Structure formats: structure tokens, C-alpha cells
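Below is one structure; the comments refer to it alone.
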Amino acid sequence: MLQNKVQFNLTDNQLAYLAGFIDCDGSIMAQIVSRKDYLLKFQIRVSVVFYQKKRRKHFLTQIQNEIGFGTMRVKPDDMAELAIVGGNTVIALLKKMQPFLRMKKKQADLVIKIIEQFPLTKGLSNNSIENFIKLCQIADQVAELNDSKNRQITAFIVQETLKFSN
């Protein structure tokens, strides 16, 4: 299991607010990204992202200050986003918010499952490759629940790539 050193000192009221924000104006994601420098050539990037119009960025700044984590950026379409990325941080936040989530509860459950199983994917053994492909399939489920439109790398692509690189 993942060693979790990240602590969020948030009240139930704050967690309920964050969960409601995520349910409506946020996303819980598991994205498969190409990484030439990784043994398995791919990485599953997990994240929790809060979105708001640029003119309401101050709401995201307030959230960032409360949770003490996250990277803020303003996109060219005048949307601001606060992204919390990485297994330890994401699992700590999701486990705290989980009881309060409604619309995105399934995504949270799947992303937690992915993060908890990350250690089973270390190395180049057949077992770790099979486990990584299974986690990519779970990432596909998350993308499907999120109605992802721009996804280019799927578990099938990972499987085909790894089949030909071994």
C-alpha cells in the first residue's frame, strides 16, 4: 500500500463544500500519459481539479489556501483551474472527501483503487506489466464516467505498445 504522508486538516463542513464543488465544477481524473523515460513507457497521472471562470479565480485561491496544496493556472479560454496532482496528495484528499461526494463518488473510488495498486506496477516483470494494464483499464473507466473527449491514450494502446516492446 502507498505510504501516505499528506495530511489535510479540514472540517466536515469544508470537506462537504469541496465535495460539492468537485461534483459540480470539478473533475477527478486518471489520465494515461506517454513517458519515454519510464520503464513501462506510460504513467497514470491522477488528479483532482477545481474549475472556475477567470474572474472568479479568488474562489480557487481560497480553496488552495485552505487545503495547502495545488497548482493554479489560467487557461487561454479564460478558465482558471486549481489542480491537485500526485498519488499521495490525491488519495489523502479523496479519502477525506469521499463520504460527501455524490456525482463523482464512482470516479473517486476508482482513482483510490488505482493509487492503492500503484506499488504492484513497479519493474518490468510480467506481473507488473499485467497489473499496470489493469490499472490503465480502470483509468479508461474513469475517463468514460467523465465523458472524456480528448483522450488519445487508452489501455488498449498501452497494451499494444508494451506487447511490441518486450
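Taken together, the values in this text are just the output of simple stated rules run on the coordinates, not laboratory data. Keep in mind the model is a prediction, meaning the values are calculated, not measured. Note that we place each Cβ from the backbone using ideal geometry, even for glycine, and neighbour counts take in every protein chain shown.
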Original post:
For helix 87-97, what angle does its Cα long axis make with the longest principal axis of the chain, in degrees from 0 to 90 and rounded to 10?
Top reply: 50 degrees
Subject >> Sequence-separation-based contact order of the range 1-149, relative, with Cα cut under 8 Å and 6+ spacing, percent >> reply: 29 percent
Original post:
Where nothing but the Cβ of Lys and Arg (+1) and of Asp and Glu (-1) is charged, how large is the charge dipole of the range 1-110 around its Cα centre, in debye to the nearest 20?
Top reply: 240 debye
Subject >> In degrees, nearest ten, helix 126-145 long axis to first principal axis of the chain (Cα) >> reply: 40 degrees
Original post:
Which label marks the calculated value of semi-axes √(5λ) of the Cα gyration tensor in Å, given the options (i) 29, 18, 14; (ii) 51, 16, 13; (iii) 55, 16, 12?
Top reply: (i)
**OP:** Describe numerically, in nm with one decimal, the distance between label points set 7 Å from Cα along Cα→Cβ at residue 147 and at residue 39.
**Re:** 4.0 nm
Original post:
the range 44-96 to the range 132-166: how many Å between their Cα centroids?
Top reply: 24 Å
